[in-house]
Every structure is written in structure tokens, then in C-alpha cells.
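As C-alpha cells, the structure follows; a few thoughts come after it.
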Amino acid sequence: MQHSGRQSRFDYSAWAIKTDGMKQVVGDSISKVLVRVRREKFFRDVGILSVAGVSGAALSLGQGILIARWLQPELYGLVTLVMSYPNFIFGVFDVRSGDALVKYLSESYARNDRERFLALCKFGHVLDLVIAITAFLAVSLTAKWAATNIARHSDMAVLIIVFAASFLPSALTRTCKATLHSLGRFAIVGWTDITIQVFRTVLVLTLVFLGLGVEGVIWGSAIALFVAGVVQLGITWHLIYRLYGNTPLRGRWQALKGQRREILRFLAYSDLTVLIAMIPQQLDLLVLGYFRGPLDVSYYKLAKSFATVTGYISAPLAAVTYPEITKMWGAGDKESFRCRVRGLFLKIGLPLGLVSLLSVAVVPFVLPVLAGAAFQNAIVPTQVLLVASSVGLVFFWVRPFFLAQGHYRYWFLSSGVVTLLFGAIYPVVVVRFGYVGAAIWYLTMNIVGAAVALRLVKRGI
């Protein structure tokens, strides 16, 4: 028996030694990972944008929850429709210059081509401003119809125009962000976004708390968007002046000679792709409001507010990935390009997507506590949309993959055609199944779209 006891104590000691050794190995591995994260610019940039995104998501979600509780479902749905219509009209007219500008600005900056860089900035600002003015006029002319037929409150026409007016200066932020991304100034983008989101949240909640209700949400959001446009324009132009000793106003159109047709072709395909993508992103709320009314919209909108939180993670990843792999492809380093994309999928996208799926289980417990019992019906669509957003998180790298190579046509085919097909049956689904059907439709579209894109990726496109 004594021998057995000594043997037992000996085994325990050996096990303890092995356990300590394993802990040391795990600790060293974690330390190495943290050191790598701190050293690599990619992870630092993603971290900055992710902090900004998560902070913005928390503020936006918190604002949405409080507004939903204070206004209750009917008025919350009304606010959503009033803001969605101008968003949709601007989306229809918008030419989505951001993707093209990031690609060509990144190349110009890498080559230290000052004249072309300034010309591209000027081109982006002029294009975005012209489009914004055109869209504002379109909203102003149709606001009465939208207020009566979509929002179902004719007196909302003025608020629709007020919200649309805020897009005039904020439209310039697209080129500003594309410029900052190309220059690698992600910290500026992150901190500016956080500051503006804090300002917007405080302003909107204050106005609603003071009793302005629907008007408070619209005016607060409009003022915040106006300020955001002015602030980001000032910051970006100051940085450009320090870098090149001039502002985009001094850019010369002749500097784009030889690349104009390529840029316009890129813009055309990018515009078509994103325009079609608006069907699930913005038109879904308007169609739902038209056929089912503000109540269904309120449940679906709250579900989207929760589900789109993952976008504040995938968007920074895509934003940093795009200029990085664009420079690899432009330099002709195709092997590094492919290895980088493979690593983004296996080491970043897939793990994050799986973690995101876990949030589905806590929705029935969290949502009623945060939004109130009146939004109990939003639980199922929230869970469905969270699954859809997890799929998007896994494949955050797909869009940069196609655009970095200039394969905008294939990106259009992999995303646009799928969206068009599902968009054709969306009204039928909404009429029959309401907001739950809308959520399931959105999930199905994401899965099919990802499958088609992966098929093209595997073919070596």
C-alpha cells in the first residue's frame, strides 16, 4: 500500500510538471500572437477601425433601443421609413466612387504620383457633390408621395426633405474616407467616426428626451450628418495639403489622361453592383412598409440593428484588406496575394464567423430586456439575420479579392445577379410572410451569393 501511495504521489508530481509545461507553452504562444498583433500594421489598423466600429455599433444600437422604447413600435417604424426613403434615393443615384478611388489612389500614392492623386481627389468630390444635388432634388419632388404612400403620414414630407438635405455635405465623406484609407491613415478615420457617432447619439437622444419625438430623431440625425461632412472634409484636405502642398481643388484633369476610360468602367460596374445590393440593404424596409405598414417595419428594423453589429467588424477588415492586397496585385506579387487571401479566410474570417453564430442563442433573453416586451416579435428575425451577418463576416475578403484584381465584372455577376433574382420574389415573400419572411429571404440570398462567389474564386478568377 505504501508503495502504491508513493507511486501515486510520483504520478501526480509528473502530471503537475507536465501541466506547468503546457501552461508555459500556451502562455508563450499567446504572448507571441499578441506581439505579432502589435507589430503588424494590418492588425493595428484593423484594431483601430474595429474599436471605432464596435463603439459606433454600441452607440447606434443603444440609441436605437432607447428610441424604440420611447417611441414604441408604431412611431419607431415611422422614423425608419422617413429616413429610409432619402437613403434609398441617394443610393439609386450614387455612383459608388469609393471602391474605384481606393484602388487608384493607392496606386498613385505608392508611385508618388502627386498630380494624379490630387486629380483623383478632385474627381471624386465633384462627382459625389453633383450626384448628391441631383438626388436631393429627386427627394424633394417625390417627398409628398413617399410620405403618403410609404410612411402613410402626409405631414412627414417636410422631415423627409430635411433629412435629405443633410446628405449634401455628407456625400463628400466618401472621397475623404477613400483618401484616408489609401494613405493608411486609419486612426484618423476611426477617431473621427467615434467622435461623430457620440455627437449624433447625444444630440438625438437629447432631442427625443425633451419631447420632440419623431422630429427629434430626424433633426438630430440630419444635423449630425451635416457636421460629419464638414469635419471630415476639413481634416482630409488639411492632410493632403501637408502631404502635397496643395488641395484637391488644384488637381488637373489632364493628370487622368490614359486612365479615364478604365476608371469610368470600374465606376460603372461598381455602381451596378452596389445599386443592386441596395435591394436587401434599403429597399427591403420600403417594400415592407408599403405592403405591411410601420409595425412590421419596426420589428424588422430592430432585428437589422442587432444583426448589423457584425458589420462593424467585417467593414474594418475589408477596408484594411482592400488597399493592402491591391498593392500586392499591382506589384505583380501574385503568390503573396493568394497566400494573404487564403490566410484572411482561414485565420480571420472563419473563426470570427463561428464566434458570431454563438450570439444567436442569447437573443431570446437579451432582446426583450433591452427593447421591451413590445418587441417580442423581433426575436426570430433577429436570430435569422444574425446567421446571415455571420456568413458575411466569414467572407469579408471576397469583395476586396475581386476588386483588387480589377475583376469588377465577376463581382457583379457573383453578387448582383443573385440579388436581382431574389429581389424579384421578395415582394411575394413579404406579402405572404411579413417581416419573418423578409429575414429568411435575406439569409438565403447571402448563402447563395457566397456560394456563387466561392465558385468563381476556386476557378482562379
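Every number in this text was worked out from the coordinates using simple rules, so none of it is lab data. As the structure is a prediction and not an experimental result, all values here were calculated from the model. All Cβ positions, even for glycine, are placed from backbone atoms using ideal geometry, and neighbour counts span all protein chains on display.
Long hydrophobic helices in the chain, taken as whole DSSP H segments with a C-alpha length of 30 Å or more on their own axis and mean Kyte-Doolittle hydropathy at least 0.5: 41-93, 114-149, 186-207, 213-244, 417-458.
Look at the alpha carbon pairs under 8 Å that are at least 6 residues apart: their mean separation over the length of the chain gives a relative contact order of 21 percent.
Step by step: find N for the chain, compute 2.2 N^0.38 Å, then divide the Cα radius of gyration by it. What's the final number? Rounded to two decimals, the normalised Rg is 1.08. Once the C-beta distance of Ala110 and Trp145 is scaled by a Förster radius of 51 Å, the resulting FRET efficiency is 0.60 to the nearest 0.05. Treat each spin label as a single point 7 Å out from the Cα along the C-beta direction, and report the Leu346 to Leu239 distance in nm. Computed distance between label sites Leu346 and Leu239 equals 3.4 nm. When the listed pairs Lys122/Lys177; Lys177/Lys327; Lys257/Lys334 are checked against a 24 Å cut-off, the alpha-carbon distance exceeds it for Lys257/Lys334. Would you please classify the overall shape of the range 286-383 from the alpha carbon gyration tensor, given that a ≥ b ≥ c denote the square roots of the eigenvalues, rounded means a/c under 1.5, and beyond that prolate means a/b larger than b/c while oblate covers the rest? Prolate, because a/c is 1.5 or more and a/b exceeds b/c. A Cβ-based charge dipole, computed about the Cα centre of the chain with Lys and Arg at +1 and Asp and Glu at -1, lands at about 1480 debye. Enter the Cα centre distance for the pair the range 302-366 and the range 398-461, rounded to the nearest angstrom. Between the Cα centre of the range 302-366 and that of the range 398-461, the gap is 17 Å.
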